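As structure tokens, the structure follows; a few thoughts come after it.
The values are calculated or read from the model by the stated rules, or taken from the named source; none is laboratory data. These numbers come from a predicted model, not from an experiment. Cβ sites come from the backbone with ideal geometry, for glycine too, and all protein chains shown count toward neighbours.
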Amino acid sequence: MEFIVNNPSAFHLLWLVGLLAGLGLVRTLAAGRALRRFADQELLGRLVPVRSMSRNVVRLALVVGALVLVVVALADIRWGVRTVEATRRGLDVVFALDVSRSMLAEDASPNRLERAKGLIKDLIDRLPGDRIGLIAFAGDVSVACPLTLNHDAFRMSLDELDVRDATRGGSLLGDAIRRAALSFSDTAPEGKVIVIVSDGEDHGSLPAEAASEARTERGARVFTIGLGDEREGARIPVSEGGTRRYLVSEGTEVWTRMDPRGLTEIAKAGDGAFIPVGTTTADCAAILQGLIVDSERKSVEATLVRQHIPRFQWFAAGAFFLLLLECLVGVRRVRAGGAGPASGPTSGPTSTSGFSAATPTPIAPASRSPA
């Protein structure tokens, strides 16, 4: 029988349970000692209800046992295996984000890079249950996040990207497409998409040829999203020593423009589409959903998955039973004959605590003489 602990770190809470058990026992013993210091056994029998030390210990043991079972339930112990049919939509999307310095241009608000991140986030909100990956490129290419179903991890990787991550200047669109194509493990001509988010600048990496290879060899369609002003362009702000200025090359300020022609050729070669966002705030995610999600998603895949059977509910039920039993255990010792301490005066001495207690004699009220 396969036996696994899905959350073993929960067992660290047993240290806390042990501490609470020790404190409870010390408190119980201290309360008994305090009563014995206050008065002798005969007087205590008259002043306070007859209590049982052993019952207090039993109640403490029941509470501690319930806490231990709660910790075991949190550890999510599983044994036994069942086979279930799992289905998933088979769309894999790899985003290739340009992090070259030209993406700092502010013709798209607040700048091209931040606008690109916002577009990607909007699109992945429309991809629940699909695998997504992230490639960062400039003068070199790196995998920021491999294909994953963990969209939170993808978002963290996306937020951390910055132009400072690029170790080399320039922009190699073709290399980014080739690296993105390697992310796909099969060559089926459906369910695989590469989305290039860039201003289109490239330095001789043959991106159109790379897009064509990705489509024919990996079955991946290539879509391009263009950011930036294609006519006037914008300068590239830089900061040195806390001073803001613009990038200068050979004594002249550098202006960068979006290259719609190159991005269109890439999309055409990759059997995709070019979306010229430019400097607008258009709902690019809705456009991409119609182009990608609705047309490229694979048919539903059904696979048999082996799952370990969770058993936490057994331990949770045991904890509930112990707590219920603790509520039923009283702290007072039962008197001989079944009468409780509040059953009124008795006609003789009692021996429930090991000593005799005299029955109090009622005192008649004094009569008042007439004035």
Legend entry - Conditions (1) outside any loop (DSSP other than H, G, I, E, B); (2) at pLDDT below 90; number of the one not met by Ala73: (2)
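Would you point out which residue out of Glu190, Glu201 is modelled with pLDDT under 90 and within 24 Å of Ala282 (Cα to Cα)?
Numbers: Glu190 fails: within 24 Å of Ala282 (Cα to Cα).
Testing whether each residue is modelled with pLDDT under 90 and within 24 Å of Ala282 (Cα to Cα) leaves just Glu201.
Say whether the condition of being outside any helix (DSSP H, G or I) and either at pLDDT below 90 or surrounded by fewer than 17 Cβ atoms within 10 Å (Cβ to Cβ) (or both) is met by at least one residue in region 282-296.
Looking only at region 282-296, we keep the residues that are outside any helix (DSSP H, G or I), and these are 282-283.
So of that shortlist, the ones also either at pLDDT below 90 or surrounded by fewer than 17 Cβ atoms within 10 Å (Cβ to Cβ) (or both) come out as 282-283.
For region 282-296, residues outside any helix (DSSP H, G or I) and either at pLDDT below 90 or surrounded by fewer than 17 Cβ atoms within 10 Å (Cβ to Cβ) (or both): present.
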Inset, instruction - Could you check how many residues of region 120-174 are basic (Lys, Arg), surrounded by 15 or more Cβ atoms within 10 Å (Cβ to Cβ) and either under 17 Å from Ile225 (Cα atoms) or in contact with a Gly (Cβ under 8 Å, 6 or more places away or on another chain) (or both)? - result: 1
Legend entry - Qualifying residue in region 61-69 (condition: in a helix (DSSP H, G or I), crowded, with 19+ Cβ neighbours inside 10 Å, at pLDDT 90 or above and under 22 Å from the mean Cα position of the chain (by Cα)): no
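Count, please, the residues in region 171-204 that happen to be assigned to a strand (DSSP E or B) and either within 30 Å of Val254 (Cβ to Cβ) or among the aromatic types (Phe, Trp, Tyr) (or both). Even if it seems obvious, please write down each step before you answer.
Looking only at region 171-204, we keep the residues that are assigned to a strand (DSSP E or B), and these are 192-198.
The next check asks that each one be either within 30 Å of Val254 (Cβ to Cβ) or among the aromatic types (Phe, Trp, Tyr) (or both); those that pass are 194-198.
Residues in region 171-204 being assigned to a strand (DSSP E or B) and either within 30 Å of Val254 (Cβ to Cβ) or among the aromatic types (Phe, Trp, Tyr) (or both): 5 in total.
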Legend entry - Subset of region 76-93 (residues that are at pLDDT 80 or above and either of a type in the set (Lys, Arg) or assigned to a loop (DSSP other than H, G, I, E, B) (or both)): Asp76, Arg78, Arg82, Leu91
Legend entry - Failed item, numbered, when Glu240 is tested on (1) modelled with pLDDT of 95 or more; (2) under 20 Å from Val163 (Cα atoms): (1)
Inset, instruction - Inspect all residues belonging to region 247-262 and state whether any of them is of a type in the set (D, E, K, R), in the same structural domain as Arg112 (by TED's automatic domain parsing) and under 20 Å from Ile292 (Cα atoms). - result: no
Inset, instruction - Evaluate region 21-44: report whether one residue or more is farther than 30 Å from Leu182 by Cα, buried (at least 16 other Cβ atoms within 10 Å of the Cβ), modelled with pLDDT under 85 and not aromatic (Phe, Trp, Tyr). - result: yes
